[in-house]
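The block underneath contains the structure these notes are about, expressed in structure tokens.
The values are calculated or read from the model by the stated rules, or taken from the named source; none is laboratory data. Keep in mind the model is a prediction, meaning the values are calculated, not measured. Backbone-built Cβ (ideal geometry, glycine too); neighbour counts: all protein chains shown. Accessible surface is based on the protein model in full, side chains and every heavy atom, while ligands, DNA and RNA are left aside. Shrake-Rupley method; radii C 1.70, N 1.55, O 1.52, S 1.80 Å.
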Amino acid sequence: MTNIISNLAIIRNRIEQACQRAGRETSSVRLLLATKTVSADNIVVALQAGENLIGENKLQELEEKYELLKHVQHSTHFIGHLQTNKIKKVIRYADCIQSLDSVDLALKLHKQLLPENKTMKVLVQVNTSGEISKFGIDPGDAIAFVRQVAALPTLKIKGLMTIGLFSAETGKVRTCFRMLRDLQQKLIAEKIEGVEMNELSMGMSNDLEIAIEEGATIVRVGTAVFGKRIYADSYYWNESR
Ligand SMILES: *Cc1c(COP(=O)(O)O)cnc(C)c1O
């Protein structure tokens with residue numbers, strides 16, 4: 001059986017160690033629990049242990065768990081590929097969309113938010129690994145993309161998100177994270193009105209140390225807290241599903 005409480009302690013310790021090595025304050029890194037396939041009961045265990053940020057990939061799970069979790073204080077970010085026909089509900093349940101990855105999606109979010117008089121925090125998802133299976137804006141298109149999104153007053157850009165390469169070669173993984181940070185620095189220098197660039201959401205169960213060394217402010221951890229998932233990640237990451 002998965003011991004969520006002790007796994008959390010291990011992750012918190014890994015974050016602390018990585019921060020120490022990188023000369024960073026532990027409080028500068030937030031832990032987001034990637035809760036796809038995780039039951040509401042198990043999420044509650046983590047929230048009651050002091051966690052307060054979760055991320056869901058699919059509207060269906062987001063919606064199902066919303067009612068079951070609303071009595072426990074927390075924020076929810078949307079971290080999966082968002083299909084435009086799911087926008088209406090996702091903006092009801094999510095506090096931030098970390099996976100903004102197309103102009104079409106940005107325009108449709110804006111169109112839905114405007115009449116509701118709402119705004120939405122977003123992170124721009126960048127494809128730093130060059131794998132076609134991963135969503136995200138091409139790094140070379142990111143500045144133009146941020147400019148386009150910045151023109152939509154309902155969308156509040158807070159930073160960038162990426163899924164790094166899955167590889168045992170840590171140098172290659174690090175290259176992805178460094179690319180995201182370099183892009184962040186470039187975007188800061190652009191001084192685009194209304195755009196904040198404080199957040200770098202990168203690093204998962206296997207590579208959070210590298211991400212923290214490269215400047216992550218949010219690490220997204222699933223497996224290392226809740227155990228192995230029943231579905232392959234391609235179920236969540238592929239367009240066809
Ligand atoms: C599942 C998921 C994670 C967490 O992955 P683990 O390897 O289980 O820690 C992080 N980010 C996204 C976008 C995910 O879908």
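For this structure, a couple of remarks:
- Annotation note: of E61, E56, the sole residue that is modelled with pLDDT of 95 or more, closer than 24 Å to G227 by Cβ, within 13 Å of the ligand (Cβ to nearest atom) and open to solvent by 10 Å² or more (accessible area, probe 1.4 Å) is E61.
- Wholly within segment 160-241, helices (runs of 4 or more DSSP H) carrying at least 1 residues that are in contact with a Leu (Cβ under 7 Å, 6 or more places away or on another chain), of a type in the set (S, T, N, Q) and more than 13 Å from the ligand (Cβ to nearest atom): 170-190
- Count - residues of segment 1-27 that are hydroxyl-bearing (S, T, Y), modelled with pLDDT of 95 or more and touching a helix residue (DSSP H, G or I) at 6+ places or on another chain (Cβ under 7 Å): 1
- A142 falls short on exactly one of the conditions (1) at pLDDT 95 or above; (2) open to solvent by 20 Å² or more (accessible area, probe 1.4 Å), and that condition is (2).
- Just one of the listed residues (L200, L183, L160, L165) is open to solvent by less than 70 Å² (accessible area, probe 1.4 Å), among the aliphatic types (A, V, I, L, M) and more than 22 Å from L105 (Cα to Cα), namely L165.
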